[in-house]
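Asker: Once you've had a glance at the structure underneath, I'll fire off some questions.
Values quoted throughout were computed directly from the atomic coordinates according to the rules given, and no laboratory measurement underlies them. Note that the coordinates shown come from a computational prediction; the quantities given were computed from them, not determined experimentally. Here the Cβ is made from the backbone with ideal geometry for all residues, glycine too, and neighbour counts use every protein chain on show.
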Amino acid sequence: MRTGPDLDISVGVGLKWLGSDHFFQRLSSAVGWTFPWARDGFVRVAAGLGGRRQHGDLIDNTATVLVRGATPPIADTVRILAQSSVSTRWNDTQNQFYAIGSDSGLRGFQINEFIGQRYFNLQVEARTLPYPIWVLRIGGVVFYDAGGAANSLAEMALHQDAGLGVRILIPQTSAQLLKFDFAVPVDGRSRGTIRFLAGFGSEF
């Protein structure tokens, strides 16, 4: 894991004589700092800003703030991980929006069930350390999700779910985790209904 500061800036230019509909300049930037925490723990704070300048106007602007952290292993058995982010769009001309639901942040809800120009997400997981069984590495996870999306923070309803999951890694064949989660929303139309998700990789 790399610690310390990081900075990424990219600039793009649209030129009519290369086929663009308009002359424009696009800028995206991200800055962050990762702090080590004892043995194998960390805390990361990051922010991103993007937008486009076209005909003298600043349009399609986005901003994001993210905090992520992981504790050192507790009793050599489990570690706690958490991530939270807030994102916003303004002066949008491309009909873009944020979405949250299912594997995009609220595992107990439908895919992209909530959409809008503002976005909030919080995920907390207690993950066991991997346990070797034959050629496999198997671990368990208990998780809690909260979040929402709407066109303003004042309109945003906070939705929540909780659940259990299994993580499986086969190091000889792939570096990708297999994940199987069972999530239960605690509000909304599907409150109390168990939802099953399967896929690759970890949530964060």
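Asker: Once you list every other residue whose beta carbon is under 15 Å from the beta carbon of L197, what net charge do they have if Lys and Arg are +1 and Asp and Glu are -1?
Answerer: Value of the local net charge: -3.
Asker: Over the alpha-carbon set of segment 8-56, work out the extent along each principal axis and list the three values in angstrom, largest first.
Answerer: Projected onto the principal axes, the Cα atoms of segment 8-56 cover 55, 20, 11 Å.
Asker: Provide the per-residue ³J(HN,Hα) series for segment 97-114, in order, calculated from phi with Karplus coefficients 6.51, -1.76, 1.60 and θ = phi - 60°, each as a whole number of Hz, with x at glycine and proline positions.
Answerer: 7, 8, 9, 9, x, 6, 6, 9, x, 10, 5, x, 10, 5, 4, 6, 5, 10
Asker: If amide hydrogens are placed 1.01 Å from N in the peptide plane, which non-local residues have theirs closer than 5 Å to the one on D187?
Answerer: Those qualifying (amide H under 5 Å, at least 5 residues apart or on another chain) are Q160, G192.
Asker: Antiparallel as a % of all DSSP beta bridges within the chain, to the nearest 5?
Answerer: DSSP beta bridges in the chain are roughly 100 percent antiparallel.
Asker: Here's something else I'd like to know. Taking θ = phi - 60°, what integer Hz values does the Karplus form 6.51 cos²θ - 1.76 cosθ + 1.60 yield along segment 53-65, in sequence order, with x for Gly and Pro?
Answerer: 3J(HN,Hα) across segment 53-65, in whole Hz: 10, 9, 6, x, 9, 9, 10, 6, 8, 9, 8, 9, 10.
Asker: Could you tally the net charge around T62, taking each other residue with its Cβ under 13 Å from the Cβ of T62, Lys/Arg +1 and Asp/Glu -1?
Answerer: With Lys, Arg at +1 and Asp, Glu at -1, the net is +2.
Asker: Out of residues 5 or more away from L106 or on other chains, whose amide H comes under 5 Å of its own, with H placed 1.01 Å from N in the peptide plane?
Answerer: Result for L106 returns G101.
Asker: Per q in 0.12 Å⁻¹, report the Debye log10 I(q)/I(0) for segment 83-134, using one uniform scatterer on each alpha carbon and no solvent.
Answerer: The computed values of log10 I(q)/I(0) come out as -0.40.
Asker: Work out the FRET efficiency for D21 and W90 from their Cβ-Cβ distance, taking R0 = 22 Å, and round it to the nearest 0.05.
Answerer: Plugging the Cβ-Cβ distance into 1/(1 + (r/R0)^6) gives 0.50.
Asker: Starting with the fewest neighbours, write out H159, H55 ranked by other beta-carbon atoms found within 10 Å of each beta-carbon.
Answerer: Fewest to most other Cβ atoms nearby, the residues stand as H55, H159.
Asker: Under a plain spin-label model, where a point goes 7 Å from the Cα along Cα-to-Cβ, how far apart in nm are V31 and R189?
Answerer: With each label point 7 Å from Cα toward Cβ, the separation is 4.3 nm.
Asker: Cα extents of segment 116-204 along the three principal axes, largest first, in whole Å?
Answerer: Taking max minus min along each principal axis of the Cα atoms, segment 116-204 gives 51, 26, 18 Å.
Asker: Tell me the net charge near V184. Cut-off is 9 Å between Cβ atoms, V184 excluded, with +1 for each Lys or Arg and -1 for each Asp or Glu.
Answerer: +1
Asker: Translational diffusion coefficient of segment 51-204 at 25 °C, 0.890 mPa s, Stokes-Einstein with Kirkwood Rh over Cα pairs, in µm²/s as a whole number.
Answerer: Reported coefficient: 144 µm²/s.
Asker: Provide Rg over Rh for segment 13-110; use the alpha carbon set for both Rg and the Kirkwood Rh (inverse mean inverse pair distance).
Answerer: Reported Rg/Rh, Kirkwood definition of Rh: 1.15.
Asker: Okay, moving on. Starting at the first residue of segment 141-146, write each ³J(HN,Hα) from the Karplus equation 6.51 cos²θ - 1.76 cosθ + 1.60 with θ = phi - 60°, in whole Hz, x for Gly and Pro.
Answerer: Taking θ as phi minus 60°, the curve returns 9, 10, 9, 9, 10, 9 Hz for segment 141-146.
Asker: Among D57, D187, what is the fewest-to-most ranking by other Cβ atoms within 10 Å?
Answerer: Exposure proxy ranking, most exposed first: D57, D187.
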